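Heads up, the thing below is written out as structure tokens.
The values are calculated or read from the model by the stated rules, or taken from the named source; none is laboratory data. If you're wondering where the values come from, they're calculated on a predicted model, not measured in any experiment. Please note: Cβ atoms are built from the backbone with ideal geometry, for glycine as well, and neighbour counts cover all protein chains shown.
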Amino acid sequence: MCRTDLHVVDGELSDPKLPLVLGHEIVGRVRAVGARAASGSSAPTVGARVGVPWLGFTCGACEHCRAGRENLCDRARFTGYTIDGGYAERAVADARYVFPLDERGDAAELAPLLCAGLIGNRALRLCGDARRVGLYGFGAAAHVIAQVAAFQGREVYAFTRPGDREAQALARSLGAVWAGGSDERPAHALDGAILFAPIGALVPTALAAVRKAGVVCAGIHMSDIPSFPYALLWGERVVRSVANLTRADGEALLALAARIPVRTHVQRYALASANEALADLRHGRVCGAAVLVP
């Protein structure tokens with residue numbers, strides 16, 4: 001389950017397919033392959049374990065696709081938003097946009113890699129070579145990317161809801177050198193920050209915590225960013241967004257996650273309890289990632 005699912009349910013993302021099956025971090029096995037897919041050189045075989053991510057289709061012809069930035073495709077379609085997704089016992093996906101997955105391991109523990117991991121890793125790459133990285137909002141994405149950043153030799157500073165001791169303890173267990181509330185300042189200035197929490201008011205907070213560096217906003221939706229003094233931006237600080245993902249992003253993260261190896265922390269729910277899981281996610285009662293198990 002992803003916070004984007006909440007944004008769709010709450011009407012914060014416009015023009016979803018309706019009626020709609022939510023869910024874009026899908027792990028399953030191929031039951032059948034269509035004739036056109038079967039003719040492709042990289043088509044998955046029946047019985048193979050695969051993952052289905054947010055990006056479900058790109059046109060391949062627009063200027064963004066031709067430039068290798070299919071994440072910005074003008075006619076892209078997205079799983080669980082404009083294509084039916086994975087809150088179901090079965091789903092249909094374009095074979096060109098699924099990833100082969102390791103046969104080992106628990107499917108529930110692989111699922112968070114397919115969005116939380118992918119978009120988080122893209123955001124981390126946009127931090128460049130930042131040594132001290134702040135992660136604002138320590139949920140599904142941050143708990144994966146904290147492990148990637150620590151593996152790369154970076155120092156991770158985790159910012160949670162004020163008083164969320166459980167998330168702070170999880171952050172420390174995954175390699176964070178510091179964990180505290182988003183209303184706190186670490187002892188050292190940060191070299192970069194990623195905002196996973198969809199809270200615009202955290203942008204100036206993060207800017208105040210970084211040295212002359214940047215802040216990456218990793219959510220597909222965020223509340224309005226309040227005005228702030230130009231002094232927070234001066235010094236060539238940068239605020240930028242991350243949009244979607246490319247298939248190359250997925251291949252890179254899945255290979256890296258296996259090398260580290262990344263260990264996801266999940267709370268399992270039955271498929272019939274999807275509304276309960278969404279409520280827990282909305283109210284901050286999930287530590288790590290929530291996963292539906294059909």
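Only residues in segment 4-18 that are surrounded by fewer than 18 Cβ atoms within 10 Å (Cβ to Cβ) count as the first member; pair them with residues that are charged (D, E, K, R), Cβ under 8 angstrom, at least 6 apart or cross-chain, and list the lot.
17/84
What tally of residues in segment 233-278 results from selecting those that are under 29 Å from residue 207 (Cα atoms), in contact with a Gly (Cβ under 8 Å, 6 or more places away or on another chain) and part of a strand (DSSP E or B)?
Looking only at that region, the number is 3.
Among the candidates 257, 274, 193, which residue alone is of a type outside the set (Asp, Glu), at pLDDT 95 or above and over 21 Å from residue 119 (Cβ atoms)?
Working: 257 fails: over 21 Å from residue 119 (Cβ atoms); 193 fails: over 21 Å from residue 119 (Cβ atoms).
After ruling out the rest, the residue left standing is 274.
Output the residues belonging to segment 234-292 that are among the acidic types (Asp, Glu) and closer than 19 Å to residue 143 by Cβ.
249, 280
Any idea which of (1) under 19 Å from residue 292 (Cα atoms); (2) in contact with a Phe, Trp or Tyr (Cβ under 6 Å, 6 or more places away or on another chain) is the one residue 52 doesn't satisfy?
Looking at each condition in turn, residue 52 falls short on (2).
Here is a yes/no grid of residues against (1) closer than 15 Å to residue 244 by Cα; (2) modelled with pLDDT under 95:
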site: 36; (1), (2): no, yes
site: 41; (1), (2): no, yes
site: 56; (1), (2): yes, no
site: 63; (1), (2): no, no
site: 67; (1), (2): no, no
site: 70; (1), (2): yes, no
site: 75; (1), (2): yes, no
site: 80; (1), (2): yes, no
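Keeping to segment 161-202, report how many residues are under 22 Å from residue 239 (Cβ atoms) and buried (at least 19 other Cβ atoms within 10 Å of the Cβ).
Residues in segment 161-202 being under 22 Å from residue 239 (Cβ atoms) and buried (at least 19 other Cβ atoms within 10 Å of the Cβ): 11 in total.
Pick from segment 22-66 the residues that are within 30 Å of residue 272 (Cα to Cα) and basic (Lys, Arg): which of them is surrounded by the fewest Cβ atoms within 10 Å (Cβ to Cβ)?
Of everything passing the filter in segment 22-66, 31 is surrounded by the fewest Cβ atoms within 10 Å (Cβ to Cβ).
Can you tell me which of (1) under 26 Å from residue 264 (Cβ atoms); (2) under 21 Å from the mean Cα position of the chain (by Cα) is the one residue 90 doesn't meet?
So residue 90 meets the others, but not (2).
To keep it simple, each residue is scored yes or no on (1) farther than 21 Å from residue 2 by Cα; (2) under 19 Å from the mean Cα position of the chain (by Cα).
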residue	(1), (2)
143	no, yes
165	yes, no
170	no, yes
176	yes, yes
212	yes, no
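Please work out if residue 89 is surrounded by 18 or more Cβ atoms within 10 Å (Cβ to Cβ) and touching a Leu at 6+ places or on another chain (Cβ under 9 Å). So that I can check it myself, show each step before the final result.
On the way: surrounded by 18 or more Cβ atoms within 10 Å (Cβ to Cβ): no; touching a Leu at 6+ places or on another chain (Cβ under 9 Å): yes.
No, not satisfied.
Condition first: assigned to a loop (DSSP other than H, G, I, E, B) and touching a residue at least 24 places away in the same chain (Cβ under 8 Å). Now tell me which residues in segment 89-105 satisfy that. Steps first, answer last, please.
The first filter runs over segment 89-105 and keeps only residues assigned to a loop (DSSP other than H, G, I, E, B), leaving 89-94, 98, 101-105.
Hits for segment 89-105 are 89, 90, 91, 93, 94, 98, 101, 102, 103.
Name the strands (runs of 3 or more DSSP E) wholly within segment 121-232 that hold at least 1 residues that are in contact with an Asp or Glu (Cβ under 7 Å, 6 or more places away or on another chain)?
So the answer is 132-136, 210-217.
For segment 260-294, what are the residues that are free of Cβ contacts under 8 Å to residues at least 24 places away in the same chain and either in contact with a helix residue (DSSP H, G or I) (Cβ under 8 Å, 6 or more places away or on another chain) or closer than 21 Å to residue 219 by Cβ (or both)?
If the condition is that a residue be free of Cβ contacts under 8 Å to residues at least 24 places away in the same chain and either in contact with a helix residue (DSSP H, G or I) (Cβ under 8 Å, 6 or more places away or on another chain) or closer than 21 Å to residue 219 by Cβ (or both), then 279, 280, 283, 285 are the ones that fit.
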